[in-house]
Amino acid sequence: MISIQGKGVSTGVAMGPLYFYQRTTSAIRRYQVEDTAAEWDRFKVAQQKAIEQLGQLYDKALAEAGEEAAILFETHQMMCEDDDYVESIENLIKEEKLNAEAAVTDTAEQFAEMFAQMDDTYMQARAADVKDVSGRIVGILTGVVQGGIDSDVPVILAADDLAPSETVQLDKAKILGFVTEGGSGSSHTAILARTMGIPAIIGVGKQLKAEFAGREVIVDGSTGSIVVDADEATRNVMKAKREEQLRQRKLLEQLKGQENVTKDGQKIKVFCNIGNPEDVSMVLANDGGGVGLFRSEFLYLNCDDYPTEDYQFEAYKQVLSDMGDKEVVIRTLDIGADKQIDYFNMPKEENPALGNRALRICLNRPEIFKTQLRALYRASAYGHLGIMFPMVTSVWEVKEAKKMCDIVKKELDAEGKPYSPDVQIGIMIETPAAAVMSDRLAKLVDFFSCGTNDLTQYTLACDRQNNDLGRFFNPHHPAVLRLLKMVCDNAHKNGVWVGICGELGADLALTETFLSIGIDELSVSPRSVLPLRQKIRETNASAVKEKVLADLLSDEVPIE
C-alpha cells in the first residue's frame, strides 16, 4: 500500500483504476520506413478511423446545436479524403519513405501555409481545418485518443494539469475523480470537478509514478489523500466514509423545494455556475434557482474556428429554454490569461493575467463581440437573460459595451428578429478598480457579480494558478472581504443587486459574512446548492450580523 498526500479541492471518495491523461505531443518522431506498403496501409486505417470519428461528431453536433454547427465536421471528413491532400501523404510515404505521422504532419504544414496565403478569408480559415484533421489522424497513428481517455471503464484521471480546451473534450462519463501534479483550487480542473460533483486532488507533484497506471487507487477529496493498492482495512474505512457521504447527500435531498431563507427570514438567491448547455441538467437536479454564471468561453474552446452567430444562438437558446422561467446570466467571452485559443492568434504576452483578455478583447475586436451579442439577444426571447461583461476596470468600458448592445438591438429590430426588452446588463467585479469605482459603475448596470477568484488574485498580487503560493492566496483576507462590502453598499444605494459567482460563494465558513454584508445571490457549482441551502436555513442572520461586521471593520481583530 502506497500513501500520497495532495490538496483536496473537491470533496468525496472515489475508487478505481488510475489512468494518465494522454496528450498529443507536438514532437512527432521522424524516421525512414522499409516497408512503404505497410506504412501506407497504416495511414489508410487511421484515415478511415478519423472519418468515422468525424461522422459521430457530426451526428452529435447536429442533435445538440443544429446543422450549421455540424457542417464543420462534414467539411473535415471531406478534407480527410481530399485527393491532393492524400496524394501528398502517399508520395511522402512511398517516394520519400517517410513514416506516416511525419508525412501527415509535413502535408498539414504545407497545406496550412498555402491556405493562409490566399486572399479569400474563407480559404484562409481552412488552414486551421487542415491542422485539426491532420492532428486527429496523427493522434490515431500514435495511439493518443481525442479527449485523452482510452478506457472501457471509468477511471481516476491523473495529469500534470488540464488546460480549459482539454477539459472541454473530456468524456465526463469515464471520470470518477481527478488527481493533478500541479494546479490550484481555482484551476479549471478543480472547477470542473466541483461542477461534476466528483473528488479532485491537486498538488501531488511527482509522487504519482508511471508504474501506478492501471492500479486501483482511492482518492479522498476532503483530505487530499491518495492510496495506491490499499489494504483491506483501508478499503473498508474508505468505503464506509463514502457510504456516509452518500447518506448525508440523501438527507440534503429533503431540502429540495425549500426556500433559501435564514431562521430570521432573510432570503438569498442560490444559483449555479455552468460551462455548457449540458450542465443545465445538473442545475435542475440539484434544485438551483437559476444560472448565475454561464461561462460562454467554453463554446469557443470547443470549436476549431470562431463559433458562428447561429451556433452560439442555439446553445444560449437551449440553456434559456431548459431553465424555463428561471434567471440565466451569461458571461460574454472571457479568454486570455490561462484560457488561450489558437485561432484567435493572440500575441504572446509577458504577463497575460494583466494583458489583453475578456472584455478588452471584445472591445478591441468588435466583430467578435457583435456576433456574440446578436446571438445572446436573439436567444433572450426564450427566457430570462442577463448579460454580464467580465474584467471591467473603468466606466468608459461599460459605456462602450452598452453602445454595442444598442447597435445590435437596432439591427435586430430592422431585421424583424425578436428579442426580449427586459435583458439585464451586469458586470463582473473582479478587479480592485471595479470595486473602488462601484459607486459610479452601479449607475450604468442592473447587477454586479463578484468574481472572487480574480478579485483575490489582483487584490493580493498573488497568481491563483501558482500552487507554490497556496497559503498566500487567501480569499478570506480582510482586504477582499472589505472590498465586497464596499461593492454591496454602493450597489444597494443605486438599486443594483449583487451576487458572487466565484468559488468563494460555496465556502460555508463565509456564508454568515455574505449574509451580513448584503450579498443578494450566491452562484455555486450545482452540487454545492443543497449544502449551502442547509447552512443558510441554519443561520440567524440578525443575531450574527453585528459581530460579523464588527470583526470585518475592526483594526484589532484579524480575519484570516
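Quick notes on this one:
- Dipole of the chain, positive end: most advanced residue of ILE2, LEU530, ALA543 [Cβ charges, Cα centre]: ALA543
- Take the Kirkwood radius over Cα pairs of region 254-553, plug it into Stokes-Einstein at 37 °C and 0.692 mPa s, and you get 167 µm²/s for translational diffusion.
- Charge sum, other residues only, whose C-beta stays under 15 Å from LYS256's C-beta, Lys/Arg counted +1 and Asp/Glu -1: +3
- The chain: C-alpha gyration tensor shape, a/c 1.5 cut-off, then a/b vs b/c: oblate
- With helices as the sole contributors, the chain gives -14500 deg cm²/dmol at 222 nm; each DSSP H run of n ≥ 4 counts as -39500 (n - 2.57), and the sum is divided by every residue.
- The alpha carbon gyration tensor of region 359-398 gives principal lengths a ≥ b ≥ c with a/c of 1.5 or higher and a/b no greater than b/c, which makes the shape oblate.
- Stretch gain in nm, segment GLN254-ASN356, where the contour uses 0.36 nm per residue and the Cα spacing is subtracted: 32.1 nm
- Of PRO199, GLN254, ALA233, farthest towards positive along the dipole that unit charges on Lys, Arg, Asp, Glu beta carbons give the chain: GLN254
- Qualifying lysines (Cα of each under 25 Å from Cα of LYS44; at least 8 residues distant if same chain): LYS60, LYS94, LYS97, LYS131
- The modelled label-to-label distance for the pair VAL86/ASP160, using points 7 Å beyond Cα in the direction of Cβ, is 3.7 nm.
- Theoretical gain in end-to-end length, LYS239 to ILE28 [0.36 nm per residue, Cα-Cα removed]: 71.6 nm
- Rounded, prolate or oblate (a/c below 1.5 giving rounded, otherwise prolate when a/b exceeds b/c) for region 37-142 by Cα gyration tensor: oblate
- Separation in nanometres of the label points that stand 7 Å from Cα toward Cβ, at GLN207 and GLU278: 3.1
- FRET efficiency for SER542 and VAL436, using Cβ-Cβ distance with R0 set to 35 Å, rounded to 0.05: 0.75
- Between the exposed loop cleavage positions of the chain, defined as chymotrypsin sites (Phe, Trp or Tyr not before Pro) in a non-H, G, I, E, B DSSP state with at most 16 neighbouring beta-carbon atoms within 10 angstrom, the longest gap is 32-471.
- Positive minus negative residues near GLU430 (Lys, Arg vs Asp, Glu; Cβ under 10 Å): -2
- Alpha-carbon centroids, region 237-253 and region 261-310: separation in whole Å: 26
- Long pairs among LYS7/LYS241; LYS410/LYS493; LYS339/LYS409; LYS250/LYS535; LYS326/LYS443, criterion Cα-Cα beyond 22 Å: LYS410/LYS493; LYS339/LYS409; LYS326/LYS443
- Magnitude of the charge dipole for the chain, about its Cα centre and with charges confined to Cβ atoms of Lys, Arg (+1) and Asp, Glu (-1), is about 2480 debye.
- Given +1 at the Cβ of Lys and Arg, -1 at the Cβ of Asp and Glu and no other charges, the dipole of region 415-544 around its Cα centre is 200 debye to the nearest 20.
Where a number appears in this text, it was derived from the coordinates with a stated rule and is not lab data. All of these numbers come straight from a predicted model, not from anything done at the bench. Cβ: placed from backbone, ideal geometry, glycine included. Neighbour counts: every protein chain shown.
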